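Asks: Okay, handing you the structure first.
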Amino acid sequence: MPIWHSNLLYRGSYSNWGPSYVPAQSENLKATLNNRFWFAGEATSVKYFGFLHGAYFEGQSAGYALAACIQGRGSCEYPHTMIPKNAQPYQSPLTPPFPMPSP
């Protein structure tokens, strides 16, 4: 039986995109910080977000990109999307604007 719940440093989570998700949001998670700090993990995977193999593939991809940067064979920057544009946010009878009942 796992005892993860008893470890104060572990909170056990995974990524989950909502209905209004657009790929630019996960691209922003991958963006480098000052061309020096690189991010990777399952949350940065468009195809496998929330899964272990998403973390593996994204870490491998970031590692190869970083090695190419260090060796002068590639870019040292992963671009940042300034303002991701959602299509329309998810609408349902439970989300605003609520349909107003007729008097």
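Asks: Within the stretch 80-97, is even one residue in a loop (DSSP other than H, G, I, E, B), modelled with pLDDT under 60 and among the small types (Gly, Ala, Ser)?
Replies: yes
Asks: If you don't mind, another one. Report, by residue number, each residue of the stretch 66-80 that is free of Cβ contacts under 8 Å to residues at least 12 places away in the same chain and of a type in the set (D, E, K, R).
Replies: Once the filter is applied, which keeps residues that are free of Cβ contacts under 8 Å to residues at least 12 places away in the same chain and of a type in the set (D, E, K, R), the stretch 66-80 yields only Arg73.
Asks: Select from the stretch 49-72 the residues that are closer than 18 Å to Trp17 by Cα and surrounded by 15 or more Cβ atoms within 10 Å (Cβ to Cβ) and write down the one among them that is nearest to the chain's Cα centre (by Cα).
Replies: So, considering only residues that are closer than 18 Å to Trp17 by Cα and surrounded by 15 or more Cβ atoms within 10 Å (Cβ to Cβ), the one nearest to the chain's Cα centre (by Cα) is Phe49.
Asks: Could you grab me the full set of residues in the stretch 22-38 that are surrounded by 14 or more Cβ atoms within 10 Å (Cβ to Cβ) and either in contact (Cβ under 8 Å) with a residue 24 or more places away in the chain or over 13 Å from the mean Cα position of the chain (by Cα) (or both)? Walk me through how you get there before you give the answer.
Replies: Going through the stretch 22-38, the residues surrounded by 14 or more Cβ atoms within 10 Å (Cβ to Cβ) turn out to be 24-32, 38.
Matches in the stretch 22-38: Ala24, Gln25, Glu27, Asn28, Lys30, Ala31, Thr32, Trp38.
The values are calculated or read from the model by the stated rules, or taken from the named source; none is laboratory data. Because the structure is a prediction, the values reported are computed rather than measured. Positions of Cβ are backbone-derived with ideal geometry, glycine not excepted, and every protein chain shown enters the neighbour counts.
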